[in-house]
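Since the structure comes first, as structure tokens, the remarks are kept for the end.
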Amino acid sequence: MFTDADNQTHTQATQSSSTAISSHARNVDLAIRNAEEAVLKLQHADGYWVFELEADCTIPAEYIMMMHYLGEIDTALQAKIANYLRARQAADGSYPLFTGGPGDISCSVKVYYALKMAGDAIDAPHMTRLREYIISQGGAAKANVFTRIALAMFEQLPWRGVPYIPVEIMLLPKWFPFHLDKVSYWSRTVMVPLFVLCTLKATAKNPLGVGILELFVTHPDLEQHYFPERTLLNKCFLGLDNLGRAVNSIIPTRMRKLALNKAQDWFIERLNGEDGLGGIFPAMVNAYEALLLLGFSADHPHVVTARKAIDKLLVINEHDAYCQPCLSPVWDTALAALALQEVDKQANAAPLTRAYDWLKSKQLLDQPGDWQIARPNLAGGGWAFQFENPHYPDVDDTAVVGFAMADSNLPDLDESIHRATRWIVGMQSANGGYGAFDVDNTQYYLNEIPFADHGALLDPPTVDVSARCAMLMAKVAQNHDEYLPALKRTIAYIRADQEVDGSWFGRWGTNYIYGTWSVLLGLEQTDLPKTDPMYTKAVQWLKSVQREDGGWGEDNFSYHDTACAGRYRFSTAFQTAWALLGLMAAGEAHSAEVKAGVDFLLRCQQSDGVWNDKCFTAPGFPRVFYLKYHGYDKFFPLWALARYRNELKNL
């Protein structure tokens, strides 16, 4: 039996534990209030959120190169971009594709050229280190196709050093092995104006006559092997490339003119006003330069508007500047709204209503889009990623916006929600999964063509997008069983795609932590029991990669080496939030691992209420192009903390 002393000790321990829990809860509440206030302050008067979207140094370098191509050099802006570039050089002299990553020769070549254009002396220490890195990698001839095309336009290497991509590709029939409809949206929008530039052999004005022959190990005119042979299929495509060059001179003038007109009509139809072709920088620049090459005057409305679209991507600070790859208001708005809904739907009803009113105005209904080629009888209902991009609604954005609306409990959203869900069901690929923009975009043999050395020509189904589609369908199917067959197929796809260790690959966010979070949030909306192996294996994996400080972190190098899956040299707030949200979705809200993760977020929150992760957060294209969403370390930790607080209240 307990003595009075035992009872007193027990009471004191209970009180001490209760006090600790109460203190912890107060700290969580304070962190939520501070983060919520910070996010609300960042909402635009029109209702949306948009955060900076940063890429590697390739795009800022290309902006300087564009100015020299045109012969229109803004020296003040160029100086600020050069400051940005110099500050991001790695210790070995190279330029990586993501923070802390290995050097990339293609990015490094473009940065060197841009800095030299900006007036940096080639014997300056940073230029010497950069040049030595490039030479150590085999020189500029080893850069990727897009870099070599740029160098050909600046007459730094012969046109035989780039793939043969004649504009007559526009005339190929649909049954031909290569056709525009068989590649991804981003590939189409980049390639069509590029066909024009390469066919007409665009030549930069380059008014200062800047060259970079010092970056070649062998003189570019003597270089014999610009296209390494990888596979038998690749060798066949290289043979066709050589054949095309051989017959180029006998292509009838009438056929070339017809193809040029078709290419021009194609990208003019999709110029997308001041939001630009495809809403992405590379396509915008190609279209702008192609318009001028085709004879459009500098003051033609198409040309003027195309340039405005490019310049809207600039982020100009007091001492530096850079160019974003695109803008992400729809994505940012939906995710910020989900975080605020987790905090308090009623208290945040006013800002959420403004957000959804804005999103409703951006829903794509009857506008023409390339997705209709595969689904001509499907009614619209999607959202693009950018402010405007009507030809290219984004499946991922649509699923997130539709789910956020359905989760908000706000009035007058049902029509938008069901339009979105019906569109999502209609965009399902044959294997039950979802690509980002297209249906069954899985002609993998096309990755062997010489132009596709970046390996990002296609838009096949991925599990992270599919999981969010499942999340929407499951949420809405609670009262509408018409969505259940498609949902069942998607769950089967997700189950089949789970890794042996229990994680899922993340195509659009870094990486296995992102993929696993995506799936667990989707599964939570279904009627699958938390004892399902998909849940239990995922939970086990997430716990196994938690770091000693309680957080989670994963390097983008996991796209290059799977041994890095779920691992990084430090924890990040946004990836910790993903792991926490995933674990809580799997029923682990009261686990020691979740509390440790929450404690990590509490420790690293800044005085302004947000977090500040320095690393890149997502791939644009794994192994090729990476992004830093500046909103991820603001709304994801808020979302995770609010979910945790709500779970504590349910004890």
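The values are calculated or read from the model by the stated rules, or taken from the named source; none is laboratory data. For clarity, every value in this text was computed on a predicted model and none was experimentally measured. Cβ placement follows ideal geometry from the backbone for every residue including glycine, while neighbour counts extend to all protein chains displayed.
Q89 fulfils the conditions (1) of a type in the set (S, T, N, Q); (2) over 23 Å from the mean Cα position of the chain (by Cα); (3) over 20 Å from E289 (Cα atoms) except for a single criterion, (2). Just one of (1) farther than 15 Å from S136 by Cβ; (2) part of a loop (DSSP other than H, G, I, E, B); (3) touching a residue at least 12 places away in the same chain (Cβ under 8 Å) fails for A79. It is (2). In the range 516-612, counting only helices (runs of 4 or more DSSP H) that sit wholly within it, the ones holding 1 or more residues that are closer than 18 Å to D464 by Cα and out of contact with any Phe, Trp or Tyr (no Cβ under 7 Å at 6 or more places or on another chain) span 533-544, 573-585.
Are any residues in the range 510-544 under 13 Å from V463 (Cα atoms) and of a type in the set (F, W, Y), and if so, which ones? Y512, Y514, W517 - these are the residues of the range 510-544 that are under 13 Å from V463 (Cα atoms) and of a type in the set (F, W, Y). Quick check, is I169 of a type in the set (A, V, I, L, M) and closer than 20 Å to M65 by Cα? Judged against the criteria, I169 is not a match. Any idea how many residues of the range 271-299 are of a type in the set (S, T, Y) and surrounded by fewer than 24 Cβ atoms within 10 Å (Cβ to Cβ)? The total comes to 1. Residues in the range 156-180 that are more than 19 Å from L294 (Cα to Cα) and at pLDDT 95 or above: Q156 alone.
Of L638, L601, L627, all but one fail to be under 26 Å from the mean Cα position of the chain (by Cα), crowded, with 23+ Cβ neighbours inside 10 Å and within 13 Å of G551 (Cα to Cα); the exception is L601.
Residue-wise test of (1) in the same structural domain as V210 (by TED's automatic domain parsing); (2) more than 28 Å from E554 (Cβ to Cβ); (3) of a type in the set (G, A, S).
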residue: M66; (1), (2), (3): yes, yes, no
residue: Y69; (1), (2), (3): yes, yes, no
residue: Y84; (1), (2), (3): yes, no, no
residue: C107; (1), (2), (3): yes, no, no
residue: R131; (1), (2), (3): yes, yes, no
residue: A140; (1), (2), (3): yes, yes, yes
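Across the range 464-496, the qualifying residues are those that are within 14 Å of P533 (Cβ to Cβ) and crowded, with 20+ Cβ neighbours inside 10 Å, and the one among them that is farthest from the chain's Cα centre (by Cα) is I491. Summed over the range 413-440, the residues that are closer than 16 Å to V476 by Cα and without any contact (Cβ under 8 Å) to a residue 12 or more places away in the chain give a count of 2. Are any of the residues in the range 301-319 in a helix (DSSP H, G or I), surrounded by fewer than 24 Cβ atoms within 10 Å (Cβ to Cβ) and of a type in the set (S, T, Y)? There is at least one residue in the range 301-319 that is in a helix (DSSP H, G or I), surrounded by fewer than 24 Cβ atoms within 10 Å (Cβ to Cβ) and of a type in the set (S, T, Y). For the range 470-481, the tally of residues that are among the charged types (D, E, K, R) and in contact (Cβ under 8 Å) with a residue 40 or more places away in the chain stands at 1. Scanning the range 603-618 for residues that are of a type in the set (S, T, N, Q) and closer than 18 Å to Y629 by Cβ gives Q606, N612, T617.
Does any residue of the range 626-648 turn out to be in contact (Cβ under 8 Å) with a residue 40 or more places away in the chain and farther than 23 Å from V39 by Cβ? Yes, there is a match, as at least one residue in the range 626-648 is in contact (Cβ under 8 Å) with a residue 40 or more places away in the chain and farther than 23 Å from V39 by Cβ. Of all residue pairs spaced 6 or more apart or on separate chains, those with beta-carbon atoms under 7 Å, a first member in the range 325-339 that is of a type in the set (D, E, K, R) and a second member that is part of a loop (DSSP other than H, G, I, E, B) and surrounded by 24 or more Cβ atoms within 10 Å (Cβ to Cβ) are D332/W49; D332/G631. Kindly indicate whether any position in the range 88-103 is surrounded by 21 or more Cβ atoms within 10 Å (Cβ to Cβ) and part of a helix (DSSP H, G or I). No, every residue in the range 88-103 fails to be surrounded by 21 or more Cβ atoms within 10 Å (Cβ to Cβ) and part of a helix (DSSP H, G or I).
Considering the range 483-526 alone, what residues qualify as being out of contact with any helix residue (DSSP H, G or I) (no Cβ under 8 Å at 6 or more places or on another chain) and either aliphatic (A, V, I, L, M) or without any contact (Cβ under 8 Å) to a residue 40 or more places away in the chain (or both)?
Our first condition is that a residue be out of contact with any helix residue (DSSP H, G or I) (no Cβ under 8 Å at 6 or more places or on another chain); within the range 483-526, this holds for 485, 488-489, 492, 496, 500.
Answer for the range 483-526, where residues must be out of contact with any helix residue (DSSP H, G or I) (no Cβ under 8 Å at 6 or more places or on another chain) and either aliphatic (A, V, I, L, M) or without any contact (Cβ under 8 Å) to a residue 40 or more places away in the chain (or both): P485, K488, A492, A496, V500.
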